[in-house]
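Have a look at the structure below before the remarks.
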Amino acid sequence: MKKFLIKTALIFVIFAILYIPAYSILNMIADKDSQEASDFEYLKTTEIKFNEIDNYKDIDILFVGSSHTYRSFDPRIFSKEGLKVFNIGTSSQTCMQSWFLIDRYIDALNPKCVVYDLFPDLMNNKGEESTIDFISSNFEHNQAMWEWTKLKMAMCTKNMYTINKWIYKAFQRHILRKENQIQTIKDDELRIRNERYIKGGFVERDLEYYDLSYDNRIDTTCKLGTMQMMFLRKTINLLKDKGINYLLVETPVPSVLYNSYDDHDKYTEKISEYGTFYDYNIRLKLNDSLDFYDSHHLNQNGVAKYDSLLIKDLYELKYIGDYVH
Amino acid sequence: MLFNSFEFAIFLPITFILYWLVFNRNLKLQNAFIVAVSYLFYGWWDWRFLILIAFTTFCSYTSGIFIDKANQKSQNKKAKIISATNITINLLILGVFKYYNFFVTSFADAFSAFGITLETTTLNIILPVGISFYTFQALSYSIDVYRRKIEASHDIIAFFAFVSFFPQLVAGPIERATNLLPQFTQKRSFDYSTAVDGCRQILWGLFKKIVVADNCATTCNQIFATYADQPASMLMVGALLFTFQIYGDFSGYSDIAIGTAKLFGIKLMRNFNIPYFSRDIAEFWRRWHISLTTWFRDYIYIPLGGSRVTKAKVVRNTLIIFLLSGLWHGANWTFVIWGAYHALLFLPLILLGKNRKYTHTIAEGKHIPSIKEFAMMLITFLLVVVGWIFFRAETIGDAWHYICGLCSLNTFKASYLFFTSTKNFAGIFVIVMLAVEWWQRSKEHGLGELHTSLKRPIFRCLLYFFLFFSILAFQTSDSIQFLYFQF
């Protein structure tokens, strides 16, 4: 029995150690014509954002969530009201990633209030897409800590595909010391194609209107995954422990998408158990064509309306102090 | 809990260590531990259905005792009634959870064909994972007790362990009480070589599931989803990929189950024996899902008279078991047609008395088959592939259109899927799987008794590392559930 256990464990450890370079080398060979360079034709929002974040502290509002978040809360609108904000929303960010990010930055940013956007489609997501987004991003500072955070995220997805991505990228970065071109922002904005990264974590799309004729969504349900709910609970507990105000929100989406959820009422009821929850699909009446640019995201017209109402709500809730103007 | 999940990778070593190091002193305690971890394993998916397993197990356990008592007093009628009651209860549960909606809608459809519209109510029922497997296992026990093939178990813990033993609980092999139950009543001791063989079998099963089946599934699913737009060449690729997907998936699961059981000192029956190297359909059915095929043979076909009756009755018996086998796989007419298709292929062989022509290992003692053997294997294989189209399609109409598409003229028209799937190594993995299984065809599994085939340890190590590497490196982005869970 002992012999079996020791031998099996030993073989497993040796294979696991050999696996890392073998996998990375195989990937490098297969990826010879990799698209790394052309990645820079795209706006690497996550990379820019977390290379910029260290410049911020003692902010008024911290925005957390998915692309609905980083495409909805415009720091320029908040700044007009004298509010200093930062948006850590990233593509398909789930409660799991939000937890790691909040846990890491909450003390440094020291926000008066956290606006936590919860998108129903991501509440039962394992978070692979967002984790791969982080893994493929290169950060200037605290690289070891970032690597550890990325690994923790990858492990939480329980998906070998995601873990493999981490192995490959970590091997490139730390063993081969491959120099990565890191996308950062020096001026107030960085423009690539039809999108502009605005300092503070917002991404603005050139004004476009949503063509409804392309959308034929099938009715679905709002599923609350055990893992995501566990991370949401942890995050809320952390914010409560630190005495930070938080508002759970659901960013407006086109009615075609919103109405496709059969059981949204139940979802609202469940989420409300975790704190004040404002569903802006109900609080704010927007026009599907005029206020959105695609089936998920607000255009700048919609952003302006949404942000104005949110500021009003936050003052009413007294989460960011009293309104002084 | 899935065998190819992180949870299982943690669950298995912990369970194994506790089983041998903590609970090995007392057999009852060890069996109770097996029941507990098996319920945890199943409850990980949905704990509510544990009640259903417990109920099925309890019914079979108590009915076994009463049948045995009646048998001892020669009260045959009483024994028959108890056995029939237990069978009815189990089949009712299976019927409600698996077939209720199917029969209701089929009934309504049949009436609507005559212009009569029936108001029907379907239920929103979740199909409990593995219900067909554990129900059949429990049924076989009470039938065997009734037939006096086995004495009723009076050890409730051992009996619960027999029905719920986690490696084979959700997707078989469907064990017989005569084989498995006595193993829970005897003291088990750790055997090094059995455990090592179990690990090898798990490794091979994981390779077949994660590397072969899941990689085949990625492209196969796309082809079946868009079959109307695909040229015949891609439809052929889709059908072939599904053929290997279902084999890799199901036989992979069986290998993992049997290998895991070996780690716990339990020997389960073989479920697959290189079925795609069969020379005719009869041989295929002796090698595919052996535990289900033999179940139908022993509990339905033989009681109906088997093949020792008039030819008309042989036809009837054969049709019954194939149609039931089809229906067992799922509540859909596509499965029934799949069963009927195989019955039609099987009938000529049994009527001509040629159904047991090939019982020995193919090309025994040779490296490659003869041209005749190869041709027979190829024909059988292609016939099986056509059957899988019915099995995989959503509706009979879809299957028919798929087959029509296969026979269309645009055979070699290029398809976007062909270009988008260049990074899919499914074809290479299928070749590796077939090569290893051919090479090891006289062994219990793909890596069985490897030291006799690969004498140098370094080559064995390299093969193990290749499999280990492939399992980790070539996982698809979405973890795909085992196909047979739905049955």
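The values are calculated or read from the model by the stated rules, or taken from the named source; none is laboratory data. The model shown is predicted, which means the values in this text are computed figures rather than measured ones. Ideal geometry is used to build each Cβ from the backbone, glycine not excepted, and the neighbour counts take in all protein chains shown. Side chains included, ligands, DNA and RNA excluded: accessible areas come from the protein's heavy atoms. Shrake-Rupley method; radii C 1.70, N 1.55, O 1.52, S 1.80 Å.
Brief remarks on what is shown
- Across the stretch B:6-189, the fraction of Cα-Cα pairs farther apart than 27 Å, rounded to a whole number, is 38%.
- Put the Cα centre of the stretch B:46-70 next to the Cα centre of the stretch B:1-22 and the gap is 26 Å.
- Overall, the accessible surface of the stretch A:47-316 at a probe of 1.4 angstrom is composed of carbon and sulfur to the extent of 48 percent.
- For chain A: Kirkwood Rh in Å [reciprocal of mean 1/r, alpha carbons]: 21.1
- Charged side chains reduced to their Cβ positions (Lys and Arg at +1, Asp and Glu at -1) give chain B a dipole of some 1760 debye around its Cα centre.
- Theoretical ellipticity at 222 nm over chain A - DSSP helices of four or more residues, -39500 (n - 2.57) apiece, nearest 500: -13500 deg cm²/dmol
- Bridges between two residues of the stretch A:47-316, per DSSP, are antiparallel at a rate of about 35%.
- DSSP beta bridges confined to the protein assembly as shown are antiparallel in about 35 percent of cases.
- For the stretch A:47-316, the solvent-accessible area works out to 42 Å² per residue, with a probe of 1.4 Å and every protein chain left in place.
- Among the helices of chain B, those built from whole DSSP H runs whose Cα atoms reach 30 Å or more along their own axis and whose mean Kyte-Doolittle hydropathy is at least 0.5 are B:50-72, B:232-263, B:371-392.
- Based on protein heavy atoms only, chain B ends up with 44 Å² per residue of surface accessible to a 1.4 Å probe.
- Peptides A:159-168, B:250-259, B:218-227, ordered by how many other C-beta atoms sit within 10 Å of their residues on average, highest first, read B:250-259, A:159-168, B:218-227.
- Where A meets B: accessible area buried, both sides, 1.4 Å probe, Å²: 2000
- Using a Förster distance of 22 Å, the FRET efficiency for A:GLN143-A:ASP107 (Cβ separation, nearest 0.05): 0.65
- The relative contact order of chain B, computed from alpha carbon pairs under 8 Å that lie at least 6 residues apart in sequence, is 18 percent.
- Cα shape, the stretch A:206-278, gyration tensor, a/c 1.5 rule: prolate
- For the protein assembly as shown, the Cα gyration tensor yields ellipsoid semi-axes of 53, 31, 29 Å (square root of five times each eigenvalue, largest first, whole Å).
- Beta bridges assigned by DSSP with both partners in the stretch A:190-324 are antiparallel in approximately 65 percent of cases.
- Loop-exposed GluC sites (Glu not before Pro) per DSSP, neighbour cap 11 Cβ within 10 angstrom, longest uninterrupted part of chain B: B:120-363
- Taking the Cα centre of chain A as origin and assigning +1 to Lys and Arg Cβ atoms and -1 to Asp and Glu Cβ atoms, the resulting dipole is close to 1640 debye.
- Hydrodynamic radius of chain B per Kirkwood, over alpha carbon pairs, in Å: 24.0
- Minimum 20 Å² accessible area buried by the other protein chains, the stretch B:456-473 residues, probe 1.4 Å, relative to alone: B:PHE465, B:PHE468, B:PHE469, B:LEU472, B:ALA473
- Ordering of A:135-145, B:26-36, B:264-274 by packing [mean C-beta count within 10 Å, highest first]: B:264-274, B:26-36, A:135-145
- For chain B, adding -39500 (n - 2.57) for each run of n ≥ 4 DSSP H residues and dividing by the number of residues yields -20500 deg cm²/dmol at 222 nm.
- Between the stretch B:201-216 and the stretch A:109-152, the Cα center-to-center distance that results, in Å: 32
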